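The values are calculated or read from the model by the stated rules, or taken from the named source; none is laboratory data. None of these values were measured; they are calculated from a predicted model. Counting neighbours? That spans all protein chains shown, and the Cβs are built from the backbone with ideal geometry, glycine included. Remember, those area values only see protein heavy atoms, side chains included, never the ligands or the DNA or RNA. Shrake-Rupley method; radii C 1.70, N 1.55, O 1.52, S 1.80 Å.
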Amino acid sequence: MLLTNSDILKRLEVIGSQGQNVLNIGEAALLLANLDLPKNSFEKYQDEINLIASDLSTASREAKSLPDRITSLSETLYKKHRFQGDVETYDDPQNANLMHVIDRRKGLPVALGILAIHVGRTQGWDIAGLNFPGHFLLRISKSDEYVLIDPFNEARLVVNEDLQKLFRRIHNQNMPQQSDFVQSVSDRDVLVRLQNNIKIRALREGDKERAIKILQSIVLITPTSVEFLAELAMLEASSGHIKSAVERLERFIERNPDISNASSILSLKEQLNRSLN
């Protein structure tokens with residue numbers, strides 16, 4: 001049975017309401033993908049990632065060390081199941097939709113990273129997204145050790161020299177000495193990064209309605225984010241949906257009366273209200 005749009009939105013709202021940093025990231029990413037592909041069977045794709053997890057369980061049975069775990073992940077996700085980074089059509093929006101990624105067997109670093117996180121955690125591994133700008137990386141930890149890997153390049157090990165080169169190539173400058181770049185981020189941040197890729201491409205193409213739809217999904221999974229709410233409201237207003245934007249801001253204020261930065265939302269609401277009169 002197919003999930004209705006209402007079913008998907010309710011499930012995402014539940015995920016958004018969870019306070020913890022670790023979520024069922026595979027399920028959440030499939031739900032976000034399902035919003036764009038309502039005729040697709042959620043269960044079919046859930047079975048796909050469960051199969052990958054099962055195969056990883058077999059491959060990693062004797063994998064005790066971090067290098068062994070990386071090898072088993074690479075062998076399973078990239079060799080057996082043939083996933084790869086999409087180098088040729090990197091900016092294709094399909095690369096950020098997990099259902100398309102599963103169908104095409106290629107995608108963006110963050111989409112492939114979500115698959116790796118999901119299947120790795122089914123083995124009890126401590127694996128998370130990394131706070132590295134411009135290219136999504138993963139951190140796998142065990143006791144007091146950790147290693148960094150690149151999900152876009154078949155889970156290749158990334159050392160400090162690689163980070164320096166990668167940062168210089170992307171940002172055309174030397175990487176500042178910030179330890180934050182090798183710290184893990186929450187699953188919520190990873191999902192936002194996934195959706196932001198689609199939003200940015202939609203805005204680049206002048207498709208405001210699609211960008212609004214993507215921002216609506218981001219607000220569902222980050223229900224207390226002032227930043228994304230304000231961006232959504234302003235984009236709605238600029239597209240002629242001023243009343244809808246005002247009502248969205250009012251609902252947020254009612255639900256979050258004590259949130260920090262609420263004054264900026266009140267100010268934006270008054271600004272939009274004046275444009276209605």
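For the chain, the solvent-accessible area works out to 50 Å² per residue, with a probe of 1.4 Å and every protein chain left in place.
Dipole check for the chain: with +1 at the C-beta of Lys and Arg, -1 at the C-beta of Asp and Glu, and the Cα centre as origin, the magnitude is about 280 Debye.
Take 36-46, 180-190, 123-133 and order them by the average number of nearby Cβ atoms within 10 Å per residue, most first; the result is 123-133, 180-190, 36-46.
By how many degrees, between 0 and 90 and to the nearest 10, does the Cα long axis of helix 262-276 differ from the longest principal axis of the chain? Once rounded, the angle reads 50 degrees.
To the nearest 10, the accessible area of Ser275 is 70 Å² with a 1.4 Å probe. Taking the Cα centre of the stretch 123-212 as origin and assigning +1 to Lys and Arg Cβ atoms and -1 to Asp and Glu Cβ atoms, the resulting dipole is close to 420 debye. Sequence-distant contacts, meaning Cα pairs under 8 Å at least 6 residues apart, place the relative contact order of the stretch 67-129 at 27 percent.
Using every pair of distinct Cα positions in the stretch 1-96, the Kirkwood expression returns a hydrodynamic radius of 15.6 angstrom.
Normalising the Debye intensity of the stretch 109-170 to I(0), with uniform scatterers on Cα atoms only, and taking log10 at q = 0.15, 0.21 Å⁻¹ returns -0.42, -0.80. Roughly how many Å is it from the Cα centre of the stretch 175-245 to that of the stretch 45-87, as a whole number? Spelled out, the Cα-based centre of one part sits 30 Å from the other.
Could you look at the chain and say what percent of its accessible area is carbon and sulfur, using a 1.4 Å probe and all protein chains? Roughly 47 percent, rounded to a whole number. Give the label of the value calculated from the structure for Cα extents along the principal axes in Å, choosing from (1) 67, 50, 37; (2) 62, 41, 36; (3) 58, 44, 36. Answer label, from the structure shown: (1). Helix 226-238 and the longest principal axis of the Cα set of the chain meet at an angle near 60°.
For the cross-link pairs Lys80/Lys106; Lys106/Lys208; Lys44/Lys213; Lys213/Lys243; Lys243/Lys269; Lys213/Lys269, the ones whose C-alpha atoms lie over 18 Å apart are Lys106/Lys208; Lys44/Lys213; Lys213/Lys269.
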